[in-house]
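Enquirer: Okay, here's the structure, questions in a sec.
The values are calculated or read from the model by the stated rules, or taken from the named source; none is laboratory data. Note that this is a predicted model, so its numbers are computed, not measured. In this analysis, Cβ positions are derived from the backbone assuming ideal geometry, glycine residues included, and neighbour counts consider all displayed protein chains.
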Amino acid sequence: MRFLKFNSLIILASILLASCGSSGPTAKDDLKKLKSYESYAYLPNKDTIIDRDFNNEEIQTTIVETINANMRENGFVLDRKSPDVLVHYHAMFDEKIAVNANPVYTNYAYYRPGYYVGPYYQDFMYDNYFTVQRLNGPRVDQVPYRERTVVIDLIDRRTNEILWRGTSNETISTRRMDREIREYIDEIFKDQF
């Protein structure tokens with residue numbers, strides 16, 4: 001009888017301890033899962049930089065090239081047909097007071113093939129990008145809009161869930177824009193990936 005009470009107490013303690021654990025996956029779990037993926041392609045961003053002080057195509061090209069270098073450095077290969085991960089970034093260079101226009105839940109205007117996509121994406125975008133209509137990410141918060149910043153999302157292509165969001169509290173200087181953008185994105189990957 002004493003043995004039965006002792007075993008019951010151990011079982012009850014085990015159940016209580018197990019219930020105190022994490023209520024769900026964490027950012028560390030997402031990064032671990034992300035490390036198991038091998039390929040990527042871009043989900044084109046419908047946003048463009050309208051501010052005439054900035055060269056939209058030059059900035060977007062630099063961002064794509066730098067993200068590509070970081071993805072390769074982290075073991076990913078480009079696969080436009082069936083990538084594991086979709087890369088979607090937000091280049092925030094226009095003066096705005098509102099929060100980032102692309103929240104955690106996002107609807108895209110490009111539901112059909114042939115919609116204009118900037119030339120900086122042509123060789124790197126997911127062939128079926130127009131089929132992705134909504135992204136979600138339960139633990140990814142909206143980022144307040146800060147001029148001259150970049151937010152990078154890595155998304156599971158099969159579930160459309162944002163796995164990782166890279167951002168920085170710094171802003172990009174306008175003195176040597178190309179170099180500043182490269183250093184800025186390299187820091188995001190180094191600090192958070």
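Enquirer: For the condition modelled with pLDDT under 65 and surrounded by fewer than 14 Cβ atoms within 10 Å (Cβ to Cβ), what is the one hit in S82, S8, S36?
Expert: Checking each option against the conditions leaves just S8.
Enquirer: Determine which member of the set D51, D47 is over 18 Å from Q133 (Cα atoms) and either modelled with pLDDT under 95 or in a helix (DSSP H, G or I) (or both).
Expert: Answer to the selection: D51.
Enquirer: Answer yes or no: is there a residue in region 133-156 that is surrounded by 19 or more Cβ atoms within 10 Å (Cβ to Cβ), at pLDDT below 85 and not in a loop (DSSP other than H, G, I, E, B).
Expert: Yes, region 133-156 contains at least one residue that is surrounded by 19 or more Cβ atoms within 10 Å (Cβ to Cβ), at pLDDT below 85 and not in a loop (DSSP other than H, G, I, E, B).
Listed here are the residues, each with its yes/no results for (1) more than 20 Å from Q60 (Cα to Cα); (2) aromatic (F, W, Y).
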| residue | (1), (2) |
| --- | --- |
| Y129 | no, yes |
| Y145 | no, yes |
| D153 | no, no |
| D156 | yes, no |
| N160 | yes, no |
| D178 | no, no |
| I185 | no, no |
| D191 | yes, no |
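Enquirer: From the list V64, V87, which residue is touching a strand residue (DSSP E or B) at 6+ places or on another chain (Cβ under 9 Å) and either part of a helix (DSSP H, G or I) or more than 25 Å from R176 (Cβ to Cβ) (or both)?
Expert: So the residue among V64, V87 that is touching a strand residue (DSSP E or B) at 6+ places or on another chain (Cβ under 9 Å) and either part of a helix (DSSP H, G or I) or more than 25 Å from R176 (Cβ to Cβ) (or both) is V64.
Enquirer: Name the single residue that is modelled with the lowest pLDDT among those in region 157-183 being assigned to a helix (DSSP H, G or I) and of a type in the set (A, V, I, L, M, F, W, C).
Expert: Among those residues, the one meeting the criterion is M177.
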